[in-house]
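Working notes for the structure below.
The values are calculated or read from the model by the stated rules, or taken from the named source; none is laboratory data. These figures come from a predicted structure and were not determined experimentally. Because the Cβ atoms are built from the backbone with ideal geometry, glycine has one as well, and the counts that use them run over all protein chains shown. Side chains are part of the model used for accessible areas, which takes the heavy atoms of the whole protein and leaves out ligands, DNA and RNA. Shrake-Rupley method; radii C 1.70, N 1.55, O 1.52, S 1.80 Å.
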Amino acid sequence: MGFFKNIVTSQLIDVIEWKDDTQNTMVHRYDMNGKEIMMGAQLTVRESQVAVFVNEGQLADVYQPGRYELTTQNMPIMTALKSWKFGFNSPFKSDLYFVNTKQFLDRKWGTSNPVMMRDTEFGMIRLRAFGIYSFRVSNPETFLKEVFGTNSMFTVEDVEGQIKRTLVSGLSDAVAESKIPALDLAANYEELSQYSLKALSPKLEALGLSLVSFVIENISLPEEVEKSIDKRTSMGVVGDLNKHSQFQAAEAMREAANNPAGGFAGMGVGMGAGAAMGQMFTQSMNGNSQQPAAGAQTATVPCVACGKPIAVGSRFCPECGAAQTTVNKCKACGAELQNGAKFCPVCGQKVE
């Protein structure tokens with residue numbers, strides 16, 4: 001009798017617990033090793049764990065973190081499902097799952113294909129994005145029914161593909177609905193991340209999961225758009241194009257002066273290039289000053305020969321070609337007269 005009792009006792013489990021030594025296990029089915037759970041067994045559920053009993057495929061009792069003695073008082077659903085024809089101390093057959101409810105951190109997401117969006121400045125553009133997220137099991141019962149089923153073990157990798165595709169799809173909608181210009185996306189990563197977190201959370205709740213954090217690390221534009229932005233940036237750095245031309249002329253003169261070409265021919269080419277660059281530099285420097293302001297009136301005096309108005313300081317008349325260097329003096333007082341003067345400005349004598 002004692003031998004038989006020892007055999008029966010060896011087939012019963014009286015202490016149940018699970019120590020997670022992995023970083024990615026979400027669900028672990030307790031290994032019975034051919035044994036059966038004894039009524040009155042001690043169940044230990046640690047923090048960040050939930051224990052779920054499944055009886056013949058039907059969800060039974062759920063235990064939060066703590067220590068429990070499996071009796072009819074704290075196993076109401078299991079007691080209702082079992083007939084206990086052999087008494088309350090008899091063993092029972094059931095599947096026990098430990099669900100990991102901790103946060104699974106630093107999970108990476110990214111767009112496998114560019115996301116199309118309409119931008120107010122660039123029109124239709126394609127965006128690529130990547131970042132990290134974290135999630136946890138928030139509803140073990142829903143997660144059991146909707147996702148892991150009766151698997152003996154369920155890891156993050158088993159559900160990660162579904163989560164990533166959901167995140168990328170939701171991000172595409174969030175970017176489009178936010179209507180943030182492409183050039184301003186980098187300055188709004190935090191706001192866009194929070195907006196996406198609120199929009200994406202309900203989609204994961206249907207699986208019994210909770211999206212804890214969602215971080216956008218980078219949103220990149222197509223290469224052609226980046227080149228266009230680089231050109232605009234260069235123009236902004238250049239600023240005044242005239243000053244930029246002067247700077248380029250000075251750089252060209254410096255390079256021509258440092259031309260290592262040997263011989264008189266090389267020297268001649270270098271000198272010619274230097275002279276040309278010098279002329280270009282001079283024209284660039286004086287280009288604005290040589291051009292009269294638009295609408296400005298040029299001072300004129302009459303030609304000493306034909307009387308046509310000519311610019312002040314002209315040596316020859318553009319109409320008749322007469323020289324303008326003749327100096328007229330008053331015959332009465334000897335004062336110098338301006339060209340075309342009819343009276344002396346000093347003594348008032350009429351000019352003949």
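Sorting K19, K308 by accessible area (1.4 Å probe), largest first, what list results?
Descending order: K19, K308.
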Counting other Cβ atoms within 10 Å, keep those with at most 16, restrict to DSSP loop, and tell me which GluC sites (Glu not before Pro) in segment 44-77 are left. E47, E56
In sequence order, what are the phi-derived ³J(HN,Hα) couplings for segment 157-167 according to the Karplus relation 6.51 cos²θ - 1.76 cosθ + 1.60 with θ = phi - 60°, rounded to whole Hz, with x for glycine and proline? 4, 6, 10, 5, x, 5, 5, 4, 5, 5, 5
